[in-house]
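The values are calculated or read from the model by the stated rules, or taken from the named source; none is laboratory data. Quick caveat: nothing in here was measured; it's all calculated off a predicted structure. No Cβ is skipped: glycine too gets one built from the backbone with ideal geometry, and neighbour counts run over all protein chains shown. Calculation scope for accessible area: heavy atoms of the full protein, side chains included, ligands and nucleic acids excluded. Shrake-Rupley method; radii C 1.70, N 1.55, O 1.52, S 1.80 Å.
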Amino acid sequence: MTTTAITSDKYNNFESFEAKKLDVFIQLGKDLDEDVLSEMLYTYFQTTEETIQNFKAHFANKDFKSIAHLAHKLKSSSGQLGLQKLHQLCTDLENFVHSESSDNVELNVNKYLTLIFDETHLTTALLSNFLKAA
Amino acid sequence: MSVKNILVIDDNKNDLLMAKFVIKRLGYNPILLENPKHVIDTLKAYPISLIVLDYEMPGMTGLDVLKKIKKEQVFNHIPVVMLTGNSTDTTVKNTVMVGAKDYIVKPIDPTIFETKISKIMKDNIQTEKNEWIEYEVQKNKNTEIKIYNYSSIISIGELTLTFHTNQDYPVGFTFFSDSKLFEELEIKNPALKVESSTQTHTGFAVQCLMLGLSEAELKKIRLYQKLLHSQKAS
């Protein structure tokens, strides 16, 4: 993998937020008579905030293995909520670290993290708006 | 019958939450565990019917946890479903070889999750039914009733059945009997509710209430008792 390959253009084909994915949580909420959607999203907001802070701490320590694990967790959570672009970014970051490429690891991980932070910021806003409207 | 517990072990709070809601909708009780190190303590604390286990966790991988469970004789019969972020051949092979029943690929699709869990729980109930208490009733020349495998009938009343077994059963526990006795009497297997379980020097005497019997079925049991009585007397 080369440094030039990691740009936001590569992810243009992925939707930031696929709202349809949340229908299942709305239905679960109706069936259980609980606010499933809110609980799911609040937990996501909380854990993602923690994940971002942990990404930063592990990057400062050059702990790329832990970064790959955090990417793995965020990959699962974002995929579950229909955040396609974030899901793909996390998948690529995890794979990049596991590939044990010696090609500018720190620089490339930093590029991935920058894109992930931007996308997280955007999708958090989109999900918040969706929750308000729901 | 008490609600069955499903244990979910995952360090990802979002996945735990999703699993919780789906399991609740299926009518089971979810028990959630973030730290896999506490798995054996949790299994000791609750009767668990199914374990859903994440493959990739820090500190102790899902595979390590699975091996640990399979080493414990008391718990190694509990079916385990693995959650995996990737479905590569190696991952699937590893989980199946160590004894996982199935696997679900993350991100968890609630519909797939629900379908797989539901199927395994139903299969599990059937296995319990088949393996647990087998009322192999055989009437020999002396009209004694002998039950093989796990239990022997002590008495059968109009509404109660008392049997001797090497296992204790919780009061209130309800199960269905596959007894050939009922088959012979052409009575559809009645639900048996445990009324009392008393320890004897060789095991446990369990008294059950037979539920849902019709008047015709009760009549058959009365006739059966009469027959037993007369055969014993002669």
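So what's the protein assembly as shown giving for Rg/Rh, alpha carbon basis, Kirkwood Rh from the mean inverse pair distance?
Values: Rg = 27.5 Å, Rh = 24.1 Å.
With Rg and the Kirkwood Rh in hand, the quotient comes to 1.14.
Once you sort the root eigenvalues of the Cα gyration tensor of segment B:8-123 as a ≥ b ≥ c, which label holds: rounded (a/c under 1.5), prolate (a/b larger than b/c) or oblate (the other case)?
It comes out rounded by the Cα gyration axes.
What net charge do the residues around residue A:19 carry, taking every other residue with its C-beta under 15 Å from that of residue A:19, with Lys and Arg at +1 and Asp and Glu at -1? Could the numbers behind the result be given before it?
Details: positive: A:20, A:21, A:85, A:132; negative: A:15, A:18, A:23.
Taking every Cβ under 15 Å from that of residue A:19, the sum is +1.
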Quick calc of log₁₀ I(q)/I(0), chain A, Debye, one scatterer on every Cα, no solvent, q values 0.21 1/Å, result -1.21
Would you give the gap between the C-alpha center of segment B:6-64 and the C-alpha center of segment B:153-172, rounded to a whole Å? 34 Å
Per residue of A:70-81, count partner chain C-beta atoms within 10 Å of its C-beta, then hand back the mean as an integer. 6
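Rank by packing, highest mean first: peptides A:35-47, B:161-173, with packing defined as the count of other Cβ atoms within 10 Å averaged across residues.
Details: A:35-47: 17.6, B:161-173: 15.2.
Put in order of decreasing packing, that is A:35-47, B:161-173.
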Counting only heavy atoms of protein chains, what accessible area per residue, in Å², does the protein assembly as shown have with a probe of 1.4 Å? 51 Å²
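Output the antiparallel fraction of DSSP beta bridges having both residues in the protein assembly as shown, as a percent to the nearest 5. Present the calculation step by step, with values, prior to reporting the outcome.
Values: 26 of 44 bridges.
That works out to approximately 60 percent antiparallel.
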For a quick check: with amide H placed at 1.01 Å from N, whose amide H comes under 5 Å from residue A:83's, ignoring anything fewer than 5 positions away on the same chain? A:18
How many partner chain Cβ atoms sit within 10 Å of a residue's Cβ in peptide A:21-29, on average, as a whole number? 3
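Ballpark to the nearest 100 Å², how much total accessible area do A and B bury together, probe 1.4 Å? Write down the numbers at each step before the final one.
Values: alone 7670 and 13210 Å², together 18850 Å².
Protein heavy atoms only, the A-B interface buries about 2000 Å².
Counting only other chains, what is the mean number of Cβ atoms within 10 angstrom of the Cβ of each residue in peptide B:9-15?
Across the residues of B:9-15, the mean count of other-chain Cβ atoms within 10 Å is 6.
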For residue B:31, list long-range residues whose amide hydrogen, built 1.01 Å from N in the peptide plane, is under 5 Å from its own amide hydrogen. B:6, B:7, B:8
Could you state the number of Å between the C-alpha centres of segment A:28-76 and segment B:72-89? 24 Å
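Relative to the Cα centre, what is the charge dipole magnitude of chain A, using +1 at the beta carbon of each Lys and Arg, -1 at the beta carbon of each Asp and Glu, and rounding to the nearest 20 debye? Intermediate results must be reported in sequence, preceding the final value.
Numbers: 12 positive and 19 negative charges, 49 e Å.
Roughly 240 debye, rounded to the nearest 20.
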Roughly to the nearest percent, how much of the accessible area of the protein assembly as shown is carbon and sulfur, given a 1.4 Å probe? 51 percent
